[in-house]
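Working notes, beginning with the structure itself.
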Amino acid sequence: MALSSEQQRNRINMAINLVKGQKIDLRKSSGASLTSFCVGVNWGGITKSTFFGFSSTTTDVDLDLSAVLLDTAGNRCDHIYSPLYNTSILAKCGLPPGKLDAANGALRHTGDDRTGDAGGDDGMDNETITVDLNRMPSNVAQVIFFLNNCGEEDFSMIPYAKIRMFEGTPSNVREVVASYNVAAEPQFRGRRAMILGRLYRHGTAWKFGAIGEPTPDIFVGQTVLRVATDYRTA
Ligand SMILES: [Ca+2]
C-alpha cells in the first residue's frame, strides 16, 4: 500500500537521532526486527560566497562510503570499497582490489557519487549500501562503515555528512529507522577519513552503534587496516 506524503513524513520523523557512542536495536516502528534495509550517506559540497556575497560557487566533495567485515574471531573477512582505487597501492597495504558487494550479496553498494549535494541538503543519500541480514553468513560478526575523501578537503569544511538506516530502496525511502549526523566540527580539521558506525551481532540479533571518529588516513587502505585492528575486539 502506498503511503501518503504525510504518512511518509511522520515515519521519517519517528527516526531515532543517534548521538556519538549510542547503540540501538534494529527495530522498525512496529517493533519487528529490521533485516532488509539501506545504509545511506548524504553529504554536501562546499559552497563559498564570491563577489561580496552576491553569488556563490560549490566545490565538489568526492566522499566514498566503504565497509569492512570482521568475522567472529575478529579477523577481516570481506570488504566493500570502490573498484577504482589503485590496486598496486592496495596491494602494498596487503589488500585486495575494491568491489561493490560483499558477504555473498548480503551487502551491495549502489555506486559512486563524486560531488555531494550542490545548492544545499537535498535530503537524499549520495551513496548507499543495501543490507540483507538474512543473507549474512554466520561467520560475519561486524560490518564497520566509513568514509574517505578522495579530494583535499577535510571534514571540518564539509557542511554536513549523515548516515541513516532506512527501509525501502535507495530511491524510495519508506521508513527511516535511525540517523546519525556527523556535523562539521573544528576538531575534524585535517581529517579526511571518518569511521561512521558499525552493525554488530548481539546474541541472535543485530545492533547498530554510532561512532563518528575522524582518522588521519589519506588512503582507503589505511582506514581498512585501522578498522580491522581497532574494532577487532569491539
Ligand atoms: Ca544528498
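The numbers here are math on the coordinates, done by the rules we state, and not lab data. Quick caveat, the model's predicted, so the values are computed rather than measured. When we count neighbours, we look across all protein chains shown, and the Cβ atoms used for this are built from the backbone with ideal geometry, even at glycine.
As a calculated quantity, the FRET efficiency between Asp60 and Thr87 at R0 = 35 Å, using C-beta atoms, amounts to about 0.90. Counting Lys and Arg as +1 and Asp and Glu as -1, what is the net charge of the other residues whose Cβ lies under 12 Å from the Cβ of Asp154? Net of charged neighbours comes to -1. Within the chain, DSSP assigns beta bridges of which about 95% are antiparallel (rounded to the nearest 5).
In debye to the nearest 20, how big a dipole does the chain give about its Cα centre with +1 on each Lys and Arg Cβ and -1 on each Asp and Glu Cβ?
720 debye
The overall shape of segment 179-233 is oblate: from the C-alpha gyration tensor, with semi-axes ordered a ≥ b ≥ c, the ratio a/c is 1.5 or greater and a/b is no larger than b/c. Scattering from the C-alpha atoms of segment 5-230 alone, worked out with Debye: what is log10 I(q)/I(0) at q = 0.11, 0.12, 0.14, 0.16 1/Å? Ignoring solvent entirely, the Cα scatterers give -0.53, -0.63, -0.86, -1.13. Positive-end ranking of Ile163, Leu90, Val61 along the dipole of segment 50-184, with charges on Cβ about the Cα centre, is headed by Leu90. Residues whose amide H falls under 5 Å from that of Tyr160, counting only those 5 or more places apart or on a different chain, are Gly44, with hydrogens built in the peptide plane. Within the set of other residues whose C-beta is less than 9 Å from the C-beta of Ser179, count the net charge using Lys and Arg as +1 and Asp and Glu as -1. Here the count lands on +2.
How long is the gain from Thr72 to Thr35 if the chain were fully straight, where each residue apart is worth 0.36 nm and the alpha carbon distance is subtracted?
Between Thr72 and Thr35, full extension yields an extra 11.4 nm.
Arranged from fewest to most other beta-carbon atoms within 10 Å of their beta carbon, Leu196, Leu84 become Leu84, Leu196.
Taking amide hydrogens as placed 1.01 Å from N in the peptide plane, the amide H of Leu196 sits under 5 Å from those of Phe145, Phe146, Leu147, Gly212, each at least 5 positions away in sequence or on another chain.
Add +1 for every Lys or Arg and -1 for every Asp or Glu among the other residues with Cβ under 12 Å from the Cβ of Ser33, and state the total. Can you show the working numbers first?
Values: positive: Arg27, Lys28, Lys207; negative: Asp25, Glu167.
Counting the neighbours of Ser33, the net charge comes to +1.
Computed from phi, the 3J(HN,Hα) profile of segment 110-125 under the Karplus parametrisation 6.51, -1.76, 1.60 (θ = phi - 60°) reads 8, x, 7, 10, 10, 10, x, 6, 9, x, x, 5, 8, x, 10, 7 Hz, with x in place of Gly and Pro. Each residue of segment 26-36 is assigned a 3J(HN,Hα), and the resulting list reads 8, 10, 7, 4, 6, x, 5, 5, 8, 10, 10 Hz, derived from the Karplus form 6.51 cos²θ - 1.76 cosθ + 1.60 (θ = phi - 60°), x at Gly and Pro. In terms of the mean number of neighbouring beta-carbon atoms within 10 Å, the peptides 60-66, 22-28, 124-130 order highest first as 60-66, 124-130, 22-28. By the helix-only formula, in which each DSSP H run with n ≥ 4 contributes -39500 (n - 2.57) and the sum is divided by residues, the chain has a 222 nm mean residue ellipticity of -3000 deg cm²/dmol. Listed by chain and number, the lysines placed with their C-alpha closer than 28 angstrom to that of Lys207 are Lys20, Lys23, Lys28, Lys99, Lys162; residues fewer than eight positions away on the same chain are left out.
Whole-Hz Karplus values for segment 138-145 come out as 5, 7, 7, 9, 8, 10, 10, 9 Hz, taken residue by residue from phi with 6.51 cos²θ - 1.76 cosθ + 1.60 and θ = phi - 60°; glycine and proline positions read x. For the chain, the residue among Ala32, Met194, Val220 whose Cα projects farthest onto the positive side of the dipole built from Cβ charges is Ala32.
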